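**Q** Structure below; questions to follow.
Since every read-out is calculated from the coordinates, none of them should be taken as a lab result. Just so it is clear, the structure is predicted and the values come from calculations on it, not from any experiment. Note: ideal-geometry Cβ built from the backbone for every residue, glycine included; neighbour counts use all protein chains shown.
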């Protein structure tokens, strides 16, 4: 039993504050992920029909954080079915040599068996199974696929979610193990607007301002949109201070009274003030 050790304890994350229903727009992707969650079953009927109680999937997005956004939501749905969630990150596994990597990965995947039913998010698939030519990369990949094969024979109920921004960088042996590969598109305009309205509700974002930001962020993922939202908040902050003649305390009081409003003019000023374009 490894759960009492600090390393394996630190792998667990709380996803109870999100689920697929809380995501903005992207109805087809949410539907596909819900079907994926529903396909992980472990009951008497599934065992009789020899349906596996485990699944290995890959979420591929041009922006890795967008894929992580959906991975967390999928695990939030599974948490309602008593799944625990483990996160594997480069920071946890690539801080030492191969021997340290082997020890940690073995413990982590043993933890999946102990915690069954369990969801595992691998935040950077290439850290385990890259196409790299170095001896260490090849050893890590071989160990990773061998341990996953052993895990699949354990009878544990789990889903392994590999997140990547470029599926072509993953080792072919690992790709062959996937039950499903889901490509996450960049959010459409309706999704972007709803997401922006939620992110900027603290500054009373007008519909016109949100629509402007949504149009100007065409092709952007949630990570870039977040940056633009922060710039928009800053423009409101500066505007409130200017209206209070530099008195921050007065500006804060005015904001608490609901006088902070993000207008399309302020959004346009914030986009003109940055040197980086909105479009990718």
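**Q** Round to the nearest 10 and give me the degree value, 0 to 90, for the angle of helix 222-243's Cα axis relative to the longest principal axis of the chain.
**A** Roughly 30 degrees, rounded to the nearest 10.
**Q** Mind checking the full-extension length gain between residue 99 and residue 39? Use 0.36 nm per residue of separation minus the Cα-Cα distance, one decimal, nm.
**A** 18.0 nm
**Q** Looking only at 173, 133, 183, which one moves most when the chain is put into a Gaussian network model with springs between Cα atoms under 10 Å?
**A** Sorting by GNM fluctuation, first place goes to 133.
**Q** Convex hull volume of the Cα atoms in the stretch 6-183, per residue, in Å³?
**A** Roughly 114 Å³ of hull volume per residue.
**Q** Using the alpha-carbon atoms, what tilt in degrees (0 to 90, nearest 10) does helix 135-152 show relative to the longest principal axis of the chain?
**A** For helix 135-152, the angle is close to 70 degrees.
**Q** Roughly what angle does helix 189-199 make with the longest principal axis of the chain, taking Cα atoms, 0 to 90 degrees, to the nearest 10?
**A** 80
**Q** For the stretch 189-273, what's the radius of gyration and Dmax over Cα atoms, in angstrom?
**A** In Å, with Rg to one decimal and Dmax whole: 12.8, 39.
**Q** Still on this structure, please answer the following. Quickly estimate the mean residue ellipticity at 222 nm for the chain, helices only: each DSSP H run with n ≥ 4 gives -39500 (n - 2.57), and the total goes over all residues, rounded to 500. Let's see the in-between values first.
**A** On the way: 14 runs with 147 residues, N = 280.
Helices in the chain give a 222 nm mean residue ellipticity of -15500 deg cm²/dmol.
**Q** Then there's this: Among DSSP beta bridges whose residues both lie in the chain, state the antiparallel percentage, nearest 5.
**A** Working: 2 of 24 bridges.
Among the beta bridges of the chain, antiparallel pairing accounts for roughly 10 percent.
**Q** What is the fewest-to-most order of 257, 64, 140 by other Cβ atoms lying within 10 Å of their Cβ?
**A** Values: 257 8, 64 20, 140 23.
The order, fewest Cβ neighbours first, is 257, 64, 140.
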